[in-house]
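Written below as structure tokens is the structure these notes are about.
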Amino acid sequence: MHDVRLLKPRGIAMQALPIHWIKFDEFEAMRLCDAEGLSQIEAGERMKVSRGTVQRLLESGRRKVVQALLANEALGLGSADQRWQDRIPSTREKLS
């Protein structure tokens, strides 16, 4: 099972926020193309998918990031079915 990562605006309870979930393949496409500077063709070769699939993953992932930022809502990496509620540290736990 993968880690679930959540980002949210400060001062708003997590339970009060909609979460825009970025799938791991969407994130990987953004990481390869946007952070590492690979072309869609190169990213597709690394991910073992077509360039068209990389393009669709980029469009979908980027849309979710922009929507979350514009609406001041939460952004999650993973999937909603991974019980993220059990992974949010209490206020007494040290955040890493």
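The values are calculated or read from the model by the stated rules, or taken from the named source; none is laboratory data. Every value quoted in this text rests on a predicted model; they were computed, and no experiment measured them. When we count neighbours, we look across all protein chains shown, and the Cβ atoms used for this are built from the backbone with ideal geometry, even at glycine.
Looking only at the range 59-75, residues that are within 14 Å of Phe24 (Cα to Cα) and among the polar types (S, T, N, Q) come to 1 in all.
Would you check if Leu38 is at pLDDT 95 or above and not in a helix (DSSP H, G or I)? Walk me through it before giving the result.
On the way: at pLDDT 95 or above: yes; not in a helix (DSSP H, G or I): yes.
Criteria met by Leu38.
In the set Gly11, Gly78, Gly52, only one residue is small (Gly, Ala, Ser) and at pLDDT 95 or above; that residue is Gly52.
Among the residues of the range 3-35, those that are among the small types (Gly, Ala, Ser) and assigned to a loop (DSSP other than H, G, I, E, B) comprise Gly11, Ala13. Number of residues in the range 1-33 that are among the acidic types (Asp, Glu) and loosely packed, with under 14 Cβ neighbours inside 10 Å equals 1.
Val49 falls short on exactly one of the conditions (1) assigned to a helix (DSSP H, G or I); (2) surrounded by 15 or more Cβ atoms within 10 Å (Cβ to Cβ); (3) over 12 Å from the mean Cα position of the chain (by Cα); (4) not polar (S, T, N, Q), and that condition is (1).
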